[in-house]
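The values are calculated or read from the model by the stated rules, or taken from the named source; none is laboratory data. This one's a predicted model, so the numbers in the text were calculated from it and none came from an experiment. Ideal geometry is used to build each Cβ from the backbone, glycine not excepted, and the neighbour counts take in all protein chains shown.
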Amino acid sequence: MVLPADLRTAEAEALAALQQALSAEPSGRWSVELRFEGLKIQPLAQRLLASLGENGDPRLLFADAGATALAKRDRPELALRQASLGDQKRLQQSQADSTTGLIILVAPAQADYGQVEAICSAHGGPIVLLNSSLEEAAIGIGAVARERRKGFLFNWQSAYALIPLDGGALKRAFPAPWALYRRDVDGHRFVAEFETRPDSEQQAEALADGAAPGVGRSLQAMDRFLEGLRS
C-alpha cells in the first residue's frame, strides 16, 4: 500500500476505484475526495468525465451557472455533458429527464444542500460527490434539519479518498480498506488500516502507537506530492 506520487497517478487510482465501486453497486451513492489546498477541481472533474467516456451517459453538475459556463468554455467538446445544479433540478421538475446515467456533483458546498438533496432524491442512477463539503452544512441549524442531513449523508460510501493529515495521510481506494500513513523524516510510512473511515481519535491513537507491519516501506514525501497536485 503506497501513496500516489503525483496528481495524475491519484486520478488514475480514483478512476479505477470509482469504476469498481460503480460495478459493485451500479445505482450507488459514492464520494471521491482529493483534499489538497490549491487543487483546481474543475479540470480534475473534466478529466475524470473524459476518462469515463460516454458509456453510462455521465454528466458533471456544477454549483451555479457561472461555473458551468466557465467549464463549457474550457472544454467545449464536453459541453453537452456539463450543467448546473439548477439546470438539473429544472429538468427533473419538468419530467423531461428520464435518464439514469451517472451524475457527478462537483464540489457542492453548504449552500447547495437543498438542491443536492432534491436532485439525488429524483435521480434513479448512480451519483458521485466530488470534493463535497455538504457535511459541514449540519452546523448551526435546527436539530430536525441537522438529523435529516446526517441521515442523507450517511448513505454515501467512499470510492476514493486521499486526505493529508497533520503528521500523516489517509487513503481509501475501493474495495480496499482505509489506510493510514505517518509522516516520517524520510517520507510517509504505512501505519494501520481500518474497515471504516477512522475518526480523529482513532487516527491519533494509531499514529502514536507506531507503525504496523510493513513500516519499512519508504514512500515519497508528501511535500513533493502536494507540489505535483498544485501544478
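With respect to residue 69, determine if the residue is of a type outside the set (Lys, Arg), assigned to a helix (DSSP H, G or I) and within 14 Å of the chain's Cα centre (by Cα). Break it down stepwise before answering.
Numbers: of a type outside the set (Lys, Arg): yes; assigned to a helix (DSSP H, G or I): yes; within 14 Å of the chain's Cα centre (by Cα): no.
Taking the combined requirement at face value, the residue does not satisfy it.
Can you find a residue that is out of contact with any Cys (no Cβ under 7 Å at 6 or more places or on another chain), part of a helix (DSSP H, G or I), in contact (Cβ under 8 Å) with a residue 12 or more places away in the chain and aliphatic (A, V, I, L, M) anywhere in segment 76-86?
So far as segment 76-86 goes, yes, one or more of its residues are out of contact with any Cys (no Cβ under 7 Å at 6 or more places or on another chain), part of a helix (DSSP H, G or I), in contact (Cβ under 8 Å) with a residue 12 or more places away in the chain and aliphatic (A, V, I, L, M).
Would you confirm, using the coordinates I've provided, whether residue 149 is out of contact with any Cys (no Cβ under 8 Å at 6 or more places or on another chain), surrounded by 12 or more Cβ atoms within 10 Å (Cβ to Cβ), assigned by TED's automatic domain parsing to the domain that holds residue 116 and without any contact (Cβ under 8 Å) to a residue 60 or more places away in the chain?
yes
For the subset of segment 175-196 comprising residues that are touching a residue at least 60 places away in the same chain (Cβ under 8 Å) and aromatic (Phe, Trp, Tyr), which member is surrounded by the fewest Cβ atoms within 10 Å (Cβ to Cβ)?
Looking only at segment 175-196, we keep the residues that are touching a residue at least 60 places away in the same chain (Cβ under 8 Å), and these are 175-176, 179, 181, 188, 190, 193.
If we keep only those that are aromatic (Phe, Trp, Tyr) too, we end up with 181, 190.
Details: 181: 26, 190: 21.
That would be 190.
Between residues in segment 110-121 that are at negative phi and residues that are aliphatic (A, V, I, L, M) and loosely packed, with under 15 Cβ neighbours inside 10 Å, which pairs lie under 9 Å by C-beta distance while being six or more apart or on different chains?
110/139
Suppose we keep only residues that are over 17 Å from residue 27 (Cα atoms) and buried (at least 20 other Cβ atoms within 10 Å of the Cβ) within segment 47-64. Which one would you say is nearest to the chain's Cα centre (by Cα)?
48
Would you confirm, using the coordinates I've provided, whether residue 27 is among the hydroxyl-bearing types (Ser, Thr, Tyr) and either in contact with a Ser or Thr (Cβ under 9 Å, 6 or more places away or on another chain) or at positive phi (or both)? Before the answer, list the steps.
Working: among the hydroxyl-bearing types (Ser, Thr, Tyr): yes; either in contact with a Ser or Thr (Cβ under 9 Å, 6 or more places away or on another chain) or at positive phi (or both): yes.
For residue 27, the condition - among the hydroxyl-bearing types (Ser, Thr, Tyr) and either in contact with a Ser or Thr (Cβ under 9 Å, 6 or more places away or on another chain) or at positive phi (or both) - is met.
Give the residue that is nearest to residue 176 (Cα to Cα), with candidates limited to residues of segment 1-34 that are in a helix (DSSP H, G or I) and among the small types (Gly, Ala, Ser).
Looking only at segment 1-34, we keep the residues that are in a helix (DSSP H, G or I), and these are 7-24.
Checking which are among the small types (Gly, Ala, Ser) leaves us with 10, 12, 14, 16-17, 21, 23-24.
Details: 10: 15, 12: 15, 14: 12, 16: 12, 17: 9, 21: 11, 23: 15, 24: 13 Å.
Selected residue: 17.
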